[in-house]
Amino acid sequence: MSAPRLSEFIKAYDVRGVVPEQLNGEVAFAIGSAFAQVVARPDGATSIVVGHDMRPSSPDLSRAFAEGAASQGLDVTLIGLCSTDGLYYASGALDVPGAMFTASHNPAQYNGIKLCRSGARPVGQDTGLDQVRDLAQSMLDASSSSAPPTTAPPTTAPPTSEAAEGIISELDVLADYATFLRGLVDLGEIRPLTVVVDAGNGMGGHTVPAVLGTQGGLPALPLTVIPLYFELDGTFPNHEANPLAPENLRDLQAAVLAHGADLGLAFDGDADRCFVVDERGEPVSPSAITALVATREIARERAAGRDATIIHNVISSAAVPEIITEAGGTAVRTRVGHSFIKGEMARNNAVFGGEHSAHYYFRDFWFADTGMLAAMHVLAVLGEAPRPISEAVAQFTRYAASGEINSTVADAAATTADVRAWAKASAKDDAQAVTFDELDGMTVTHHGEPMWWFNLRASNTEPLLRLDVEARTGEVAALISAEM
């Protein structure tokens, strides 16, 4: 049997494949070995940290990866069940490279790997992931056999270097992770709040009680947390752990209204993203949350006499850079994807970064993304003033957006060319009215009235073409969306 083609599921910034046809124990072992050789050892690392989510295949896959890394002489610390930002915490606090086994919000048949260098620095297509893929592929091709795929680590694969076998050990970092986050945002003096949290049977059910509760001896917070689907279950029996899809927020919205809660929080499968629902049961745009947190971080930096740079991606609302500038910060625009935005965060020493997909990045968290810390900022804003969350975010919502529209097309390049031709024609006699840029996919902006812009790009993780439209009014946004 031929080895799986890793190029089919190792994409721009992570690994995301079907188990066991694409991602299995043999593949995980090879990727672990390649990660050790390409990333960890050249960086001078002698050990790595590995964590995993609640998917049924995650423990065996993470163990196989650890065996592969240990075969190259690296010591491996297994931290077991954790959120992706929990893995980033461990990488940052221990100053070692890391691997997180998760497929985030993907359906149950998937699993994946997010890799990082020491200090939670990203590993993407431009920072080593391509080389990891190619080396792992060569090892799989060399050992290809007729044996069926398995989720267990191979028993006879020899080390591919002369290094002595590394030691694999275990460590629980959950309490330290929770204590660290509590030290970044003080929630001890906020007014009492009632919060509904939908963990979607994902890792939020593991981390929310630790951070917002009293596990590990942390002091109680003035929060009443009403849990939805905190049972860890990688088959997602209630709904997919993808809060970006409106149907996956319905239970949370209903619970917020039923309990008269102050707000609702929804985490995705690996709990690195956080979505907010206001007291009326209405979703709050992640761009509005980006602007809200950005203004807090800019004010803190300016009070300390420092300039503040904020990163946002190409599909964030046009209001985000406007609000950043008005607050006295510097806005930097970048591509979609955690490895790209983390790189820009580090290059610019940015204090904060936000993506419209509800990934939020913090300088004080090794420039990595953490949905939990963003949630704590929202709780702080709400708890520091006697007003509902809908009023707190109203000033950050200036335009109407379509939401992400995903389409499967026969030829993405041809479709994009057709859209470009339409946009040029829409400018008519004023060629300056419409501008194009290709920082990530194609962004087209109409600068006249009515104002509108859209971004069209191929997904980095799924076989889709994604469209995001924003305009001065909802009517214009709907019209442009329909044309697209």
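The values are calculated or read from the model by the stated rules, or taken from the named source; none is laboratory data. These numbers come from a predicted model, not from an experiment. Cβ coordinates were reconstructed from backbone atoms using ideal geometry, including for glycine residues, and neighbour counts include every protein chain displayed. Note: areas computed on protein heavy atoms with side chains; ligands, DNA, RNA excluded. Shrake-Rupley method; radii C 1.70, N 1.55, O 1.52, S 1.80 Å.
Of note:
- Taking the DSSP bridge list for the range 160-319 and keeping only pairs wholly inside it, about 40 percent are antiparallel.
- Amide N proximity, the range 392-408 versus Arg472 label position 7 Å along Cα-to-Cβ, cut-off under 18 Å: 397-402
- Distant-in-sequence amide contacts of Phe367, defined by a placed amide H-H separation under 5 Å and a gap of 5 or more residues or a different chain, comprise Phe362.
- Amide H contacts of Trp452: His446, each under 5 Å away and 5 or more positions distant or on a separate chain (H built 1.01 Å from N in the peptide plane; Pro and chain starts excluded).
- Bridge orientation summary for the range 296-425: considering DSSP beta bridges with both residues in this region, about 40 percent are antiparallel.
- Tensor-based shape of the range 188-259 (alpha-carbon gyration tensor, a/c under 1.5 rounded, otherwise prolate or oblate): oblate
- Heavy-atom accessible surface of the range 23-95: percent carbon and sulfur, 1.4 Å: 43 percent
- Solution diffusion estimate, µm²/s, Stokes-Einstein, the range 216-306, Kirkwood Rh from C-alpha pairs, 20 °C, viscosity 1.002 mPa s: 142 µm²/s
- The trypsin sites (Lys or Arg not before Pro) of the range 1-84 that DSSP puts in a loop, and whose beta carbon has at most 13 other beta carbons within 10 Å, are Arg5.
- Qualifying aspartates and glutamates (Cα of each under 13 Å from Cα of Lys11; at least 8 residues distant if same chain): Asp126, Asp130, Asp134, Glu462
- Accessible-area composition of the range 294-422, carbon plus sulfur, in percent [1.4 Å probe]: 50 percent
- Where the range 216-264 is the region considered: accessible area per residue in Å², 1.4 Å probe: 50 Å²
- Val76 long-range amide H proximity, modeled H, under 5 Å: Ile48, Ile167, Ile168, Ser169
- Applying the Karplus relation 6.51 cos²θ - 1.76 cosθ + 1.60 with θ = phi - 60° to the range 68-82 yields 3J(HN,Hα) values of x, 5, 5, 5, 9, x, 8, 6, 10, 9, 8, 9, x, 4, 6 Hz, where x marks Gly and Pro.
- Distance from the range 397-420 to the range 289-330 (C-alpha centre basis), Å: 27 Å
- Accessible surface of the range 226-270 [probe 1.4 Å, protein heavy atoms]: carbon and sulfur percent: 51 percent
- Across the range 361-378, rounded Karplus estimates of 3J(HN,Hα) from the backbone phi angles (6.51 cos²θ - 1.76 cosθ + 1.60, θ = phi - 60°) give 10, 9, 4, 6, 10, 6, 6, 9, 8, 8, x, 5, 5, 4, 4, 5, 4, 4 Hz, Gly and Pro being marked x.
- Antiparallel DSSP beta bridges within the chain, as percent of all bridges there, nearest 5: 60 percent
- Protein heavy-atom accessible surface, 1.4 Å probe, per residue over the range 71-128: 23 Å².
- Rolling a 1.4 angstrom probe over the protein heavy atoms with all chains in place gives the range 280-326 an accessible area of 37 Å² per residue.
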